[in-house]
Amino acid sequence: MEVTRLDIPEVCLIRPARHGDHRGFFSETYNKQAFAAAGITEDFVQDNHSLSAAAGTVRGLHFQVPPRAQAKLLRVVQGAVFDVAVDLRHGSPSYGRHVTAMISAAEWNQIFIPAGFAHGFCTMEPDTEVLYKVSDLYAPEAEQGLLWNDPDLGIDWPIGEAGATLSKRDGEFPPLRDLSRVFEYERKA
């Protein structure tokens, strides 16, 4: 497994080994011991699967607040997404900044997003399927969001507002400046 830290080093890309022959391939996409050796020690408790029919579908930017905050491990099994993680940890050197990555079935890569980040993606191909593990169960009372196209974030989305397909709820989330202080940065000793 290959692990690459992004500009916000808590967020990382993971490329599992893929072994193929004339029958197809085999890949171990998650191994708790191997992930722990790479510094990812979350205990994942739920798997989610989404299908986005249209290219240009935006999902996010979502997060759950403490004590139900979620880390995510996301991979694409069909299609591709432009993935975004925004640091919401007050006191963090990267508070309000974001990182992006292309995650696709063709690249066979994954992205790890720790708790304390808003997360979302835009589908780059029709019929894109995304699988992701989360470190806490879905809790509607803890679910919040950040406006996907908040100009203060400066995210260079691959689609304009007019071409985006998104839920009514995702389009009504507040901008960063109006979010309550829900996450605190914990300095490592």
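The values are calculated or read from the model by the stated rules, or taken from the named source; none is laboratory data. Remember, it's a predicted structure, so these values are computed and weren't measured experimentally. In this analysis, Cβ positions are derived from the backbone assuming ideal geometry, glycine residues included, and neighbour counts consider all displayed protein chains.
Observations
- Of note, Arg75 satisfies the criterion of being surrounded by 15 or more Cβ atoms within 10 Å (Cβ to Cβ), within 13 Å of Tyr132 (Cβ to Cβ) and touching a Leu at 6+ places or on another chain (Cβ under 7 Å).
- Identity of the residue in the stretch 6-36, over 27 Å from Tyr138 (Cα atoms) and without any contact (Cβ under 8 Å) to a residue 12 or more places away in the chain, that ends up farthest from the chain's Cα centre (by Cα): His22
- Identity of the residue in the stretch 152-184, over 18 Å from the mean Cα position of the chain (by Cα) and acidic (Asp, Glu), that ends up modelled with the lowest pLDDT: Glu161
- The stretch 37-47, subset exposed (fewer than 13 other Cβ atoms within 10 Å of the Cβ) and hydrophobic (A, V, I, L, M, F, W, C), residue farthest from the chain's Cα centre (by Cα): Ala37
- Which listed residue, of His62, His49, is of a type outside the set (Phe, Trp, Tyr), more than 25 Å from Leu153 (Cα to Cα) and part of a strand (DSSP E or B): His49
- Condition broken by Ala162, with the remaining ones in (1) of a type outside the set (S, T, N, Q); (2) assigned to a strand (DSSP E or B); (3) loosely packed, with under 15 Cβ neighbours inside 10 Å satisfied: (2)
- Check on Gly116, within 18 Å of the chain's Cα centre (by Cα), at positive phi and surrounded by 18 or more Cβ atoms within 10 Å (Cβ to Cβ): yes
- With respect to being modelled with pLDDT of 95 or more and under 20 Å from Asp178 (Cα atoms), Val86 fits the description.
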